[in-house]
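K.L.:
Please find one structure pasted underneath; my questions will follow.
The values are calculated or read from the model by the stated rules, or taken from the named source; none is laboratory data. Worth saying up front: this structure is predicted, and the values here are computed from it rather than measured. Cβ placement follows ideal geometry from the backbone for every residue including glycine, while neighbour counts extend to all protein chains displayed. SASA here: full protein model, heavy atoms, side chains in, ligands and nucleic acids out. Shrake-Rupley method; radii C 1.70, N 1.55, O 1.52, S 1.80 Å.
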Amino acid sequence: VSASKGPREEIVYVPCIYRNTGRKKPDFLATVDVNPKSPHYCQVIHRLPMPNVGDELHHSGWNACSSCFGDATKKRNRLILPSLISSRIYVVDVGTDLRAPRLFKVVNPEDVFWKCNLGYPHTSHCLGSGEIMISTLGDPAGSGKGGFILLDGDTFEIKGNWEKGDKTPPMGYDFWYQPRHNVLISTEWGIPKCLGYGFDPNDLKKGCYGRHLNVWDWTTHTYIQAIDVGEDAAPLEIRFLHNPAAAEGYVGCTISSTIHRFYKTEQGDWAAEKVIQVPSKKVEGWLLPDMPGFITDILISLDDRFLYFSNWLHGDIRQYDISDTRKPKLVGQVFVGGSITKGGPVTVCRDEELQSQPDPFSIKGKKVPGGPQMIQLSLDGKRLYVTTSLYSAWDRQFYPDLIKDGSVLLQLDVDTERGGLKVNESFLVDFGKEPDGPCLAHEIRYLGGDCTSDIWV
């Protein structure tokens, strides 16, 4: 609870991607000033380009978080940036000059391939041991395989695999651990060589997309249980409640557009139940006759009161009251783009939720391309930051204008009393105006830690 009273974020770090944009530039880490009192408010104040082209920076994690609490030698001064496509891992020094990060170390893909027989690294979490653990989507050849890379917390050299035993899940993506319950749970997006070039509806029903939450024994590092959340569900982001005593949390399933609550049963194993279903819309002028909401990112406020998620295709961000964890209640919703806006190529023929198609979203005179995707909440829960890029190959397919015009960083004001979301009309970071041309901004991190990187034990 004390974390939510931490200082207000003044700068955020955002990976920016040039892969698949036609601009032969390396991805970079942007430092963005979000302090309303600063003369550089809403500006990119520093760019750290990577030494290679085509990495696809995606998610990031800290070298230390609340799981290392009590260890005075640990400082949150290195940001770990796994590259989803090149399988390189960058370690960035943000401690020396937090406004101008610098590259500290590069872990080469060969090390990932040879030492771990893994590739396509995704989520990075620090462990209480001081090590860093990174989940992967597959093996070096692009087949599906759920495994984990361990990095030494001081040298950042690869130590090997975290997982032990001969059983591994067919796919990987995100993960969260909770030592009090001796558990780690990982999710499954899909097989890298299927989804890597874009989304092909013909891949559905072929086992290319994930359907399980995978449960691991935290102490023995062994894979012990698979929880089925439905064919082609593609469970992505997984979040335990922040209270370390709580044995439950939520996972967002992209293609099925559902939120499942997972929980520990009285028998001591784990189970999941669907608690939210975003109905598909019957449409014309789109890839398929039914358009799913496409839940891409979810998070839980630090006080465990609200659940937030983004529907990347429909274009809305939602806020649910989760006081009763089994019955989330919709209390806030706002549309910021998406594929069903009025006047666009898509006609909605039947909609269980809306009376009419939403208006196109513009802010400060810019019509925003794409839909809401990555989200990050301020520690006090009052500001929700949003970016609009999912993954360059899918951006190019679903939102060609995103490639042309670049993505944006937005901020929503949150009513933390009754619930409610409103766009802050004076906040816009336009990545279409970058010196090297429009780029795709992805995940948002604060120096002081945040709702999606910090694990309390």
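K.L.:
Work out the FRET efficiency for residue 8 and residue 362 from their Cβ-Cβ distance, taking R0 = 25 Å, and round it to the nearest 0.05.
P.N.:
After rounding to 0.05, the efficiency reads 0.35.
K.L.:
Shifting gears a bit: Sorted by accessible area (1.4 Å probe), largest first, how do 24, 382 line up?
P.N.:
The ordering from most to least exposed comes out as 24, 382.
K.L.:
Can you give the FRET efficiency to the nearest 0.05 for residue 166 and residue 290, using r as the Cβ-Cβ distance and R₀ = 60 Å?
P.N.:
So the FRET efficiency works out to roughly 0.90.
K.L.:
Further question: Do any of 24/367; 167/274; 24/433; 37/382; 264/327; 159/264 go past 22 Å between their Cα atoms, and which?
P.N.:
The pairs that break the limit, which is 22 Å between Cα atoms, are 24/367; 167/274; 159/264.
K.L.:
Let me ask something additional. In region 182-222, which chymotrypsin sites (Phe, Trp or Tyr not before Pro) are in a loop and have at most 13 other Cβ atoms within 10 Å, using DSSP for the loop call?
P.N.:
Counting only loop positions with at most 13 other Cβ atoms within 10 Å, the chymotrypsin sites (Phe, Trp or Tyr not before Pro) in region 182-222 are 197.
K.L.:
Of 388, 96, which has the most accessible area with a 1.4 Å probe, and how do the rest follow in descending order?
P.N.:
96, 388
K.L.:
Can you tell me, using C-alpha contacts under 8 Å and at least 6 residues apart, the relative contact order of the chain as a whole percent?
P.N.:
13 percent
K.L.:
For region 303-457, what does the alpha-carbon gyration tensor say about shape, rounded, prolate or oblate, given a ≥ b ≥ c as the root eigenvalues, a/c under 1.5 as rounded, and a/b over b/c as prolate?
P.N.:
Oblate, because a/c is 1.5 or more while a/b does not exceed b/c.
K.L.:
Oh, and also: Show which lysines lie in cross-link reach of residue 205 when reach means a straight Cα distance below 20 angstrom and same-chain residues fewer than eight apart are skipped.
P.N.:
Reachable lysines: 145, 193.
K.L.:
Could you check the simple spin-label distance between residue 277 and residue 75, using points 7 Å along Cα→Cβ, in nm with one decimal?
P.N.:
Roughly 5.3 nm, to one decimal.
K.L.:
With a 1.4 Å probe and every protein chain kept in, tell me what percent of the accessible surface of region 3-446 is carbon plus sulfur.
P.N.:
It is 49 percent, rounded to a whole number.
K.L.:
Let me have the 222 nm mean residue ellipticity of the chain computed from DSSP H runs of 4+ only, each contributing -39500 (n - 2.57), with the sum over all residues rounded to the nearest 500.
P.N.:
-1500 deg cm²/dmol
K.L.:
Can you tell me the accessible area per residue over the chain, all protein chains present, probe 1.4 angstrom, in square angstrom?
P.N.:
With all protein chains present, the chain gives 37 Å² per residue.
K.L.:
Consider a paramagnetic label point 7 Å from the Cα of residue 330 along Cα→Cβ; state which residues of region 358-386 have an amide N under 17 Å from it.
P.N.:
358-359, 372
K.L.:
Rounded to whole Hz and in sequence order, give me ³J(HN,Hα) for region 433-447 from the Karplus expression 6.51 cos²θ - 1.76 cosθ + 1.60, θ = phi - 60°, writing x for Gly and Pro.
P.N.:
For region 433-447, the Karplus curve yields 9, 5, x, 8, x, x, 9, 10, 8, 10, 7, 10, 10, 9, 4 Hz.
K.L.:
Would you grab the residues whose amide H sits under 5 Å from the one on residue 138? Only those 5+ places off in sequence or on another chain, please, with H modelled 1.01 Å from N.
P.N.:
119, 145
K.L.:
Hey, another quick one. Across region 354-365, in residue order, what do the Karplus-derived ³J(HN,Hα) couplings come to in whole Hz, using 6.51 cos²θ - 1.76 cosθ + 1.60 with θ = phi - 60° and x for Gly and Pro?
P.N.:
Going residue by residue, I get 9, 6, 8, 5, x, 6, x, 9, 10, 9, 6, x Hz, with x marking Gly and Pro.
K.L.:
So I have (1) 1.14; (2) 0.90; (3) 0.94, and one of them is Cα Rg over 2.2 N^0.38 Å calculated from this model. Which one is it?
P.N.:
Among (1) 1.14; (2) 0.90; (3) 0.94, the one derived from this structure is (2).
K.L.:
May I ask you to list the aspartates and glutamates whose Cα is less than 13 Å away from that of residue 5, ignoring any residue fewer than eight positions away on the same chain?
P.N.:
303, 380, 450
K.L.:
Report the percentage of all Cα-Cα pairs in region 294-370 whose separation exceeds 19 Å, rounded to a whole percent.
P.N.:
When all Cα pairs of region 294-370 are counted, 43 percent exceed 19 Å.
K.L.:
How many nm separate the modelled label positions at residue 350 and residue 267, each set 7 Å beyond the Cα in the direction of the Cβ?
P.N.:
In this crude spin-label approximation the distance works out to 3.8 nm.
K.L.:
Would you please classify the overall shape of region 411-457 from the alpha carbon gyration tensor, given that a ≥ b ≥ c denote the square roots of the eigenvalues, rounded means a/c under 1.5, and beyond that prolate means a/b larger than b/c while oblate covers the rest?
P.N.:
oblate
K.L.:
Students often get this wrong: which residues of region 128-172 have the backbone nitrogen under 14 Å from the point 7 angstrom along Cα-to-C-beta of residue 114?
P.N.:
158-160
K.L.:
Loop only per DSSP, at most 15 neighbouring Cβ atoms within 10 Å: give me the GluC sites (Glu not before Pro) in region 390-453, ordered by residue number.
P.N.:
Counting only loop positions with at most 15 other Cβ atoms within 10 Å, the GluC sites (Glu not before Pro) in region 390-453 are 417, 425.
K.L.:
When the Debye formula is applied to the Cα atoms of region 52-203, each taken as the same point scatterer, what base-10 log of I(q)/I(0) results at q = 0.13, 0.17 Å⁻¹?
P.N.:
Debye curve over Cα of region 52-203, log10 I(q)/I(0) at q = 0.13, 0.17 Å⁻¹: -0.57, -0.95.
K.L.:
Which trypsin sites (Lys or Arg not before Pro) in region 140-229 sit in a loop by DSSP (not H, G, I, E or B) and have at most 10 other Cβ atoms within 10 Å of their own Cβ?
P.N.:
Passing sites in region 140-229 are 205.
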